[in-house]
Each structure stands twice: as structure tokens, then as C-alpha cells.
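Peer 1: Okay, here's the structure, questions in a sec.
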Amino acid sequence: MIMAKFPEMARSGQFLRRMRLFRRDETGSVAIEGVFGSVLLIAWLLVSFQVYDAFKLRSAATRATFTVADMLSRTREEIGPKYVAGMEKVFAFLTRANKPNQTWLRVTLFKCKAEPDDDSSVTYCDGKNKKFTLDTGKDGKIASYVYPPSAAQPYTQAGLNAEADRIPIMAIGDMAVLTETVYHFNPFLDIGDRGLSFDNGKTWTQIGLKTGLPFSTFVVTRPREPRIVWNADK
């Protein structure tokens with residue numbers, strides 16, 4: 001039994017000696033280390049440029065959304081689906097979107113409506129004690145529209161209630177315009193779409209930002225005019 005352990009002990013001793021020699025060995029190849037170092041440096045530079053570009057485009061999308069929201073708040077004419085489609089083109093131009101369906105815009109009119117059964121102490125809507133109400137047009141249709149229509153769904157009352165914590169408090173009788181945009185990031189290098197995959201396509205490692213990363217902006221503005229009117233034919 002003791003003799004049987006000697007070969008195993010000898011092999012483990014050889015392994016430990018080799019590991020100690022490897023640890024003490026300081027020789028190397030400048031060319032090989034230079035190749036590895038240059039690959040890491042180039043990858044870091046590419047990722048840093050991509051992240052910088054993403055922040056720049058995110059800022060541009062935010063500014064463009066506030067521009068569109070301000071234009072909507074200043075309008076004196078009735079607005080509708082065609083108007084929203086035009087505003088989406090303005091947003092795409094400001095963000096320099098160069099691919100189909102890279103951007104979309106949703107415009108929603110809502111108000112703080114007085115109800116006959118309101119308590120006398122209720123003077124505002126906060127989304128909890130008193131809900132915000134979707135506005136309607138002359139034809140009774142909900143004043144919410146998305147362009148392009150396939151990108152998302154117009155708001156329902158339940159959908160607006162779910163976003164109540166993002167909407168400022170409004171006095172009874174007030175109305176507001178909710179402007180939402182999404183800009184899908186299109187990196188100049190597609191390194192974020194590549195990775196090392198195993199296990200039937202499962203990605204194990206990846207660097208950079210993926211194509212299609214959504215940058216969303218949510219803006220609420222009050223009309224400069226007393227009221228904005230929704231017209232489904234406009």
C-alpha cells in the first residue's frame with residue numbers, strides 16, 4: 001500500500017518543481033508580448049471611442065426631444081397624426097438618424113379633470129389621490145399617437161396611470177403634453193454585436209455597445225396657449 005503511493009508522490013513533486021521554476025522564470029519575447037499588448041490597447045481605444053459616441057448621441061437625442069416638446073407647447077393650431085409624423089421627422093433630422101425606424105415619437109395630451117364627486121379639498125392631480133385623464137379630440141378619440149405606428153402603442157388610461165409618478169402635479173383644469181422619443185443607437189463599429197459564444201450560441205464574452213441600444217426621453221410641457229386641440233384629421 002505504501003509502495004503504491006510513491007509514484008503519485010513523485011509525480012506531484014515533479015509538478016510542484018515545474019510550477020516553482022515557471023514562477024521564477026522571467027524570460028519572455030518582446031514581440032509576442034507586444035502583439036498581446038497592442039491588441040488590448042486597440043480594443044480599449046475602440047470601446048472608448050464607441051462609448052464617447054454613445055454619450056454624444058444620447059445628449060443630442062435629449063436636446064432634440066426638448067426641442068420638439070417646446071415646439072408642441074407653442075403650437076396654436078390643432079394637431080393630429082400628420083402633425084406628429086412631421087415632428088418625428090424633425091426629431092430624426094436633429095439626431096441625424098440614418099436608418100429606417102431608428103427613431104420614434106409618441107405625443108399624448110392629458111389633463112387634470114374636475115369630477116362632480118371630487119372632494120372640495122382636492123385641487124390638483126398627483127396620479128395617486130386623483131388620477132390624470134387622457135384628453136380626447138373632437139371625434140372623441142384618445143389624443144395619443146405614435147409615429148411610426150409600428151414602433152409602439154398609443155397610451156390607454158391604464159398606461160397613463162402607470163406613468164403617473166413621472167408626471168408633475170397639475171392643478172384642476174390644467175392640461176399638458178407628454179412627448180416621448182426613442183433613438184436606437186447605431187455605433188460606427190459593430191464590435192458590440194460580436195462575442196465569444198459557446199453552448200449552442202450562448203454568448204460568454206462581449207465588449208462594446210450593441211446596435212439598437214434604445215435612448216429614451218420623457219418630457220412633460222404645459223401649452224403656451226390656453227389649450228391644444230387634438231384633431232384626428234390633422
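Peer 1: For segment 16-42, how many residues meet the condition of being at pLDDT below 80 and surrounded by 10 or more Cβ atoms within 10 Å (Cβ to Cβ)?
Peer 2: Residues in segment 16-42 being at pLDDT below 80 and surrounded by 10 or more Cβ atoms within 10 Å (Cβ to Cβ): 1 in total.
Peer 1: Still on this structure: Show the residue pairs meeting these rules: Cβ distance below 9 Å; 6+ apart or different chains; first residue within segment 71-96 and small (Gly, Ala, Ser); second residue part of a helix (DSSP H, G or I) and surrounded by 15 or more Cβ atoms within 10 Å (Cβ to Cβ).
Peer 2: ALA92/ALA64
Peer 1: Right, GLY159: small (Gly, Ala, Ser) and crowded, with 17+ Cβ neighbours inside 10 Å or not?
Peer 2: When the stated conditions are applied, GLY159 does not pass them.
Peer 1: Right, something else. What pairs can you find where one residue is in segment 46-63 and under 16 Å from LEU209 (Cα atoms) and among the acidic types (Asp, Glu), the other is surrounded by 13 or more Cβ atoms within 10 Å (Cβ to Cβ) and at pLDDT 90 or above, and their Cβ atoms are less than 8 Å apart, with a gap of 6+ or different chains?
Peer 2: From residues that are under 16 Å from LEU209 (Cα atoms) and among the acidic types (Asp, Glu), there are no pairs.
Peer 1: How many residues, within segment 151-183, are assigned to a strand (DSSP E or B) and either within 24 Å of ASP119 (Cβ to Cβ) or at pLDDT below 95 (or both)?
Peer 2: So the count comes out to 4.
Peer 1: Taking only segment 134-150 into account, find how many residues are among the hydroxyl-bearing types (Ser, Thr, Tyr), assigned to a strand (DSSP E or B) and within 26 Å of the chain's Cα centre (by Cα).
Peer 2: 3
Peer 1: Collect the residues in segment 126-146 that are touching a Phe, Trp or Tyr at 6+ places or on another chain (Cβ under 9 Å) and of a type in the set (S, T, N, Q), keeping them in residue-number order.
Peer 2: Residues satisfying the conditions are THR133, THR136, SER144.
Peer 1: With respect to ARG76, determine if the residue is at pLDDT 85 or above, of a type in the set (D, E, K, R) and either more than 30 Å from the chain's Cα centre (by Cα) or in a loop (DSSP other than H, G, I, E, B) (or both).
Peer 2: yes
Peer 1: Further, regarding this structure: Looking at segment 11-56, which of the residues that are under 18 Å from ASP190 (Cβ atoms) and either among the small types (Gly, Ala, Ser) or not in a helix (DSSP H, G or I) (or both) is farthest from the chain's Cα centre (by Cα)?
Peer 2: By that ranking, first place goes to ALA43.
Peer 1: Only one of (1) farther than 30 Å from LYS138 by Cβ; (2) touching a residue at least 12 places away in the same chain (Cβ under 8 Å); (3) surrounded by 10 or more Cβ atoms within 10 Å (Cβ to Cβ); (4) not hydrophobic (A, V, I, L, M, F, W, C) is not met by THR67, so which one is it?
Peer 2: The number of the failed condition is (1).
The values are calculated or read from the model by the stated rules, or taken from the named source; none is laboratory data. This one's a predicted model, so the numbers in the text were calculated from it and none came from an experiment. All Cβ positions, glycine included, derive from the backbone under ideal geometry; neighbour counts span all protein chains shown.
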